[in-house]
Amino acid sequence: AETALRELRAAAAGFEDKSRHDEARAAYRDILELDPEDDDARARVLAANLATGEFSSAFALATSAEELRQLAAALEQAGQHGEVLNVWSRIAELDPADAEARVRIVRGHLAAGDTVAARRHLTPEVIA
């Protein structure tokens, strides 16, 4: 398996050097299948998914609040405001003390006209 991983990493890097991004992403996905803990491959696939608008795949790969924030920004830029709310909710799950996430959730619910849901997320940190 280590030989296959080494060969896939070399192939992925070669594809990147030649700007063959789809092939590089495919190679990095293969790396992730063999080694799900490869953070470099995961980050590269995530970045490629964000760049190409494959947001649901990006959401599945994102593991940190920072990666999820990148996804939220990409979704907002794409005008997918309903999906943005799901991402901010996931950020709040990862870090319940994240006041920005809570504020974004409240604003998202208010924008959607759901004042009941917005009130559920109002905490002293959000109000401050």
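The values are calculated or read from the model by the stated rules, or taken from the named source; none is laboratory data. Model, not experiment: these values are computed from the prediction. We place every Cβ from the backbone using ideal geometry, glycine too, and count neighbours over all the protein chains shown. Protein only, heavy atoms only, side chains kept; ligands, DNA and RNA dropped before computing areas. Shrake-Rupley method; radii C 1.70, N 1.55, O 1.52, S 1.80 Å.
Out of curiosity, is residue 57 among the hydroxyl-bearing types (Ser, Thr, Tyr), in a helix (DSSP H, G or I), open to solvent by less than 70 Å² (accessible area, probe 1.4 Å) and farther than 18 Å from residue 28 by Cβ?
no
Can you tell which of 93, 83 is part of a helix (DSSP H, G or I), closer than 16 Å to residue 64 by Cβ and out of contact with any Cys (no Cβ under 9 Å at 6 or more places or on another chain)?
Testing whether each residue is part of a helix (DSSP H, G or I), closer than 16 Å to residue 64 by Cβ and out of contact with any Cys (no Cβ under 9 Å at 6 or more places or on another chain) leaves just 93.
Just checking, does region 31-46 include any residue being part of a helix (DSSP H, G or I), closer than 30 Å to residue 124 by Cβ and open to solvent by less than 20 Å² (accessible area, probe 1.4 Å)?
Checked region 31-46: no residue is part of a helix (DSSP H, G or I), closer than 30 Å to residue 124 by Cβ and open to solvent by less than 20 Å² (accessible area, probe 1.4 Å).
Which pairs have Cβ atoms under 6 Å, sit 6 or more apart or on different chains, and link a residue in region 110-128 that is farther than 18 Å from residue 95 by Cα and hydrophobic (A, V, I, L, M, F, W, C) to one that is open to solvent by 80 Å² or more (accessible area, probe 1.4 Å) and at pLDDT 90 or above?
118/110
Restricted to region 70-80, and to residues that are part of a helix (DSSP H, G or I) and open to solvent by 30 Å² or more (accessible area, probe 1.4 Å), which residue is farthest from residue 110 (Cα to Cα)?
70
If I ask for residues that are within 15 Å of residue 72 (Cα to Cα) and either open to solvent by 50 Å² or more (accessible area, probe 1.4 Å) or within 14 Å of the chain's Cα centre (by Cα) (or both), which ones from region 103-121 would you list?
If the condition is that a residue be within 15 Å of residue 72 (Cα to Cα) and either open to solvent by 50 Å² or more (accessible area, probe 1.4 Å) or within 14 Å of the chain's Cα centre (by Cα) (or both), then 104, 107 are the ones that fit.
Does region 70-84 contain at least one residue that is farther than 30 Å from residue 26 by Cβ and small (Gly, Ala, Ser)?
No, region 70-84 contains no residue that is farther than 30 Å from residue 26 by Cβ and small (Gly, Ala, Ser).
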